[in-house]
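The values are calculated or read from the model by the stated rules, or taken from the named source; none is laboratory data. This one's a predicted model, so the numbers in the text were calculated from it and none came from an experiment. Every residue, glycine among them, receives a Cβ derived from its backbone with ideal geometry; neighbour counts consider all protein chains shown. Heavy atoms of the whole protein, side chains included, go into the accessibility calculation; ligands, DNA and RNA do not. Shrake-Rupley method; radii C 1.70, N 1.55, O 1.52, S 1.80 Å.
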Amino acid sequence: MPELPEVEVVRRGVAEHAVGRTLSSVEVLHPRAVRRHVPGPDDFAGRLAGRCLSAARRRGKYLWLELGDEAGSPDSGGEALVVHLGMSGQLLVQPGDAREEKHLRVRLRFADGGPELRFVDQRTFGGLHLADLVEVDGIALPKPVAHIAPDPLEQVFAVDAVAARLRSRRTGIKRALLDQSLVSGVGNIYADEALWRAQLHWARPTATLTRPKIRELFDAVTDVMQEALQVGGTSFDALYVNVNGESGYFDRSLAVYGQAGRPCRRCGASVRRDAFMNRSSYTCPVCQPKPRNAHL
DNA sequence: CACAATACCTGACGGC
DNA sequence: TGCCGTCAGGTATTGT
């Protein structure tokens with residue numbers, strides 16, 4: 001599933017292969033892929049034609065391509081093509097005559113006649129839309145991304161400010177980690193991996209965490225994400241791939257996620273799976289004991 | 001306002 | 001063989 005490291009791998013690919021190029025035509029093959037573009041698919045395609053992709057940026061799991069005029073300079077309006085991969089979205093760089101993917105949703109062609117960008121998405125939770133840029137704390141963000149908190153790999157990420165907000169909450173630590181308005185980029189996989197590294201149970205009340213423990217947890221979040229990034233992200237199947245269609249290798253480094261019944265790498269106890277928010281949480285029952293005052 | 005639950009979606013897989 | 005239930009889960013929306 002694409003979380004922050006996977007989206008960053010895609011961002012780098014798009015920066016290398018598409019930034020600086022001018023779009024010629026855009027084809028929407030499935031309207032649901034642009035459902036967040038309120039004016040509709042025709043408006044989406046019409047407004048992109050002739051625009052240059054001037055930069056590829058990211059916050060958390062959101063990716064956006066800044067749009068410039070044909071000469072390539074950023075336009076005064078400040079507009080971006082926002083991309084969210086959802087659960088199964090892929091952004092691929094493909095020759096125009098390459099076979100159509102089964103779940104091809106949007107095709108973006110370029111004026112230079114080179115490889116096109118394809119948005120492929122089996123489960124259609126992801127999508128593309130156009131948005132104006134607004135300034136938040138000195139950073140230009142698309143309007144729909146403005147409510148998302150900085151991610152742990154950003155310069156502006158301030159762990160002490162996050163710790164203060166965490167400690168005032170009345171919820172479990174994993175729910176808080178997954179709340180993109182508190183910290184962005186963390187999904188189910190990296191939440192479980194970071195909690196295992198910091199030896200915290202998912203239901204631990206945030207209010208009971210000390211500042212040093214919260215710092216330790218976010219060090220673990222940062223470490224696990226950077227390690228994943230170095231090997232191209234996590235993929236269990238063909239659903240997550242970089243722009244060249246290649247899978248990452250971080251699945252081989254997972255300590256608990258998806259490892260139910262296998263021995264904990266630290267103590268050997270059998271990793272357990274709990275139902276959590278209509279999905280799963282994986283923990284070591286010995287290293288991450290369930291607190292008595294658990295926030296279930 | 002804070003927090004929790006649910007809807008949205010498709011395909012793989014196991015049981016019968 | 002094929003049907004059915006379950007699971008995967010990020011985010012917007014709805015409910016308390």
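List of remarks:
- Per residue value of the accessible surface for chain A (all protein chains in place, 1.4 Å probe), Å²: 44 Å²
- Computed from phi, the 3J(HN,Hα) profile of the range A:193-209 under the Karplus parametrisation 6.51, -1.76, 1.60 (θ = phi - 60°) reads 5, 5, 5, 5, 4, 8, 6, 10, 7, 4, 9, 4, x, 4, 5, 8, 7 Hz, with x in place of Gly and Pro.
- Working note: Karplus 6.51/-1.76/1.60 with θ = phi - 60° gives the range A:86-93 the couplings x, 9, 9, x, 9, 10, 10, 9 Hz, where Gly and Pro are set to x.
- Charge dipole (debye, nearest 20) of chain A; +1 at Cβ of Lys and Arg, -1 at Cβ of Asp and Glu: 1760 debye
- Residues of the range A:247-268 with an amide N closer than 19 Å to a point placed 7 Å from the Cα of A:D223 along the Cα-to-Cβ direction: A:250-257, A:264-268.
- Scanning residues 5 or more positions from A:E79 or on other chains, those with amide H under 5 Å from its amide H are A:L67, A:L133, with H placed 1.01 Å from N in the peptide plane.
- Overall, the range A:159-283 carries a charge dipole of about 720 debye about its Cα centre when +1 sits on the Cβ of Lys and Arg and -1 on the Cβ of Asp and Glu, all other atoms neutral.
- Accessible surface of chain A, 1.4 Å probe, proportion on carbon and sulfur as whole %: 47 percent
- For the range A:4-145, a crude dipole built from +1 on the beta carbon of Lys and Arg and -1 on the beta carbon of Asp and Glu, taken about the Cα centre, is about 580 debye to the nearest 20.
- FRET efficiency for the A:R47 to A:D179 pair, using the beta carbon distance and R₀ = 35 Å, is estimated at 0.60.
- Anisotropy class of the range A:156-296 from Cα gyration tensor, a/c 1.5 cut: oblate
- ³J(HN,Hα), Karplus 6.51/-1.76/1.60, whole Hz, each residue of the range A:42-49, x for Gly, Pro: 5, 5, 4, 5, x, 6, 7, 4
- For A:K290, a cut-off of 29 angstrom between C-alpha atoms picks up these lysines, skipping any fewer than 8 places away in its own chain: A:K174, A:K213.
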